[in-house]
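Read the figures in this text as sums done on the coordinates, not as results from a lab. Just so it is clear, the structure is predicted and the values come from calculations on it, not from any experiment. Cβ atoms come from the backbone with ideal geometry, glycine included; neighbour counts cover every protein chain shown.
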């Protein structure tokens, strides 16, 4: 179905959670505004994730909700906005219900089993083999919206910039800074802390750089271990908000990271990024930027297992080639 662009003034995009998923969903923004130049675009996300979008100049408003909040209140908040068009970029059972009850004339979503009822414009592309950023574009194509941009977006405020500058003002000031991010939502996605030290020690021999170790909730043990083993050549970031973390990422010349939300933030900020992969597919979930790359031990029989916990000995991380990592970094530095 094609929609008359002249009659669309308010658009809602729904992507409730997953900082990385939300960052990747921003690929739709420039395309929507190009096709609907008079429209304002809002996003619906969970409260904890709003900072991923709050300073985005393409977004009019960020609506938030809490998972424990009354479903009726969420629906009332959405209906009050009188949207003309809703894109359910998550398309799970709950967001399908929100879309169905939104009151919007046009409701777009993936026609997964049990939620087709919610949409009057159904996308039948399945989960696909494309990158998860581009999977969001399938909904735009279903409406006949031309794809003029494949850029993802992340923006920070002046306060985050000042925070990063102040923190690093007397640290690493004359060094090339490599950001090290041991985060990962699954245990299996986390490169072992001992391997991180091995990687960093090899980089010290090859490059004149110092390390900024960035971390979030649940990463404290690994981050502290890496820092203590690199102390003379590293700085351990303090506890930060999402925006403060992004401010520190923006100070890096290169970021090396597990598959994680911060990896996608780094790519969106335009920082050369090397993603470390094992249980997840980098062709679908890698850093989405032509300034980035990934490494994966793709000769393992169990690679891209999608298991939350490794049933073996985490060979996908422990057996990563240091020489290959250095080679990838050299190519990134040369390209950028």
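Ordering of 15-28, 78-91 by packing is 15-28, 78-91, highest average first (other Cβ atoms within 10 Å, averaged per residue). The C-alpha atoms of the chain define a longest principal axis, and helix 220-229 lies at about 30 degrees to it.
Put in line by how crowded their Cβ is, counting other Cβ atoms within 10 Å and starting with the fewest, 112, 312 read 312, 112. Of the listed values (1) 149; (2) 122; (3) 141, grab the one calculated as volume of the Cα convex hull per residue in Å³ from the structure here. Computing volume of the Cα convex hull per residue in Å³ and matching it to (1) 149; (2) 122; (3) 141 gives (3).
For the chain, the longest principal axis of the C-alpha atoms and the axis of helix 158-168 are separated by about 10°. Look at 263, 317 and count the other Cβ atoms within 10 Å of each Cβ; fewest to most, that gives 317, 263.
Rounded, prolate or oblate: which one fits the range 67-113, using the alpha carbon gyration tensor with axes a ≥ b ≥ c (rounded when a/c is under 1.5, else prolate when a/b beats b/c, else oblate)?
Values: a/c = 2.53, a/b = 1.14, b/c = 2.23.
In terms of gyration-tensor shape, oblate.
Can you tell me the orientation of helix 193-206 relative to the chain, as the angle in degrees between its alpha-carbon axis and the longest Cα principal axis, to the nearest 10? Computed tilt is about 70 degrees.
Determine the calculated [θ] at 222 nm for the chain from helices alone, applying -39500 (n - 2.57) to every DSSP H run no shorter than 4 residues and normalising by the residue count; nearest 500 deg cm²/dmol. Intermediate results must be reported in sequence, preceding the final value.
On the way: 14 runs with 114 residues, N = 336.
Helices in the chain give a 222 nm mean residue ellipticity of -9000 deg cm²/dmol.
Arrange the following residues from fewest to most other Cβ atoms within 10 Å of their Cβ: 29, 204.
Values: 29 21, 204 17.
Ordered from fewest to most neighbouring Cβ atoms within 10 Å, 29, 204 come out as 204, 29.
Going by a ≥ b ≥ c, the root eigenvalues of the Cα gyration tensor, does the range 5-142 fall in the rounded group (a/c under 1.5), the prolate group (a/b larger than b/c) or the oblate group? Rounded is the answer for the range 5-142, as its axis ratio a/c remains below 1.5.
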